[in-house]
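In what follows, a single structure is set out as structure tokens and then discussed.
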Amino acid sequence: MVTDCLFCKIAANEIPAELVYETERTLAFRDVNPQAPTHVLVITKAHHADAAALAEADEGLADEVVKTAHAVAVREGTAESGYRLVFNTGPAAGQTVPHVHCHVLGGRDLGWPPG
Ligand code: AMP
């Protein structure tokens, strides 16, 4: 755990969040500032800074994050109509929390390209 990391604190239950799904190594909770009817963040319980670090992480962890994201979409009822997974990675992408998180967005027509 990184002590000053917001999402590490959520994973450690030190900061409240609305949890929606959990696996051994991942956690899914609602975004506080939702951009769609379904807006859930999937994080790794262990600290990894971003998608680049996730790609270098333990065997199967990136796979587990994507599987958790899909399980969230199924539970939220957006799997059939469609959903979007987003990993903002680095400053140009607007990443504001330096702990890897996958946005699961759905429940409306999301459009493309994003704004
Ligand atoms: P990003 O800009 O990709 O780094 O996304 C960070 C996301 O975390 C934003 O969509 C925020 O609304 C969300 N966020 C920040 N603090 C919290 C929190 N305490 N609980 C849930 N979501 C949060």
Quiz item: Among the residues of region 1-21, which ones are touching a residue at least 24 places away in the same chain (Cβ under 8 Å) and aliphatic (A, V, I, L, M)?
Solution: Met1, Val2, Leu6, Ile10, Ala11, Val20
Self-check item: Among residues of region 22-37, those that are within 14 Å of the ligand (Cβ to nearest atom) and either in a loop (DSSP other than H, G, I, E, B) or over 17 Å from Val97 (Cβ atoms) (or both), counted
Solution: 6
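Looking at this structure, is Asp31 among the acidic types (Asp, Glu) and farther than 30 Å from Ser81 by Cβ? Working first, answer last.
Numbers: among the acidic types (Asp, Glu): yes; farther than 30 Å from Ser81 by Cβ: no.
The answer is no for Asp31.
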Practice problem: Determine whether Thr3 is more than 13 Å from the chain's Cα centre (by Cα), assigned to a loop (DSSP other than H, G, I, E, B) and on the phi < 0 side of the Ramachandran plot. | Solution: yes
Quiz item: Just wondering, is there one or more residues in region 75-94 that are closer than 17 Å to Glu22 by Cα and among the hydroxyl-bearing types (Ser, Thr, Tyr)?
Solution: no
Quiz prompt | Residue ID - nearest to the ligand (Cβ to nearest atom), chosen from residues in region 1-21 that are closer than 20 Å to Ala73 by Cα and not aliphatic (A, V, I, L, M) | solution = Glu18
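Listed here are the residues, each with its yes/no results for (1) of a type outside the set (A, V, I, L, M, F, W, C); (2) away from the ligand (no atom under 14 Å from the Cβ); (3) assigned to a loop (DSSP other than H, G, I, E, B); (4) within 11 Å of the chain's Cα centre (by Cα).
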site	(1), (2), (3), (4)
His47	yes, yes, yes, no
Leu54	no, no, no, no
Ala57	no, yes, yes, no
Glu80	yes, yes, yes, no
Gln95	yes, no, yes, no
Trp112	no, yes, yes, no
Quiz item: So which residues in region 22-44 are surrounded by 18 or more Cβ atoms within 10 Å (Cβ to Cβ) and free of Cβ contacts under 8 Å to residues at least 60 places away in the same chain?
Solution: Thr26, Leu27, Phe29, Ile43, Thr44
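Since every read-out is calculated from the coordinates, none of them should be taken as a lab result. Remember, it's a predicted structure, so these values are computed and weren't measured experimentally. So basically every Cβ, Gly included, is an ideal-geometry build from the backbone, and we count neighbours across all protein chains shown.
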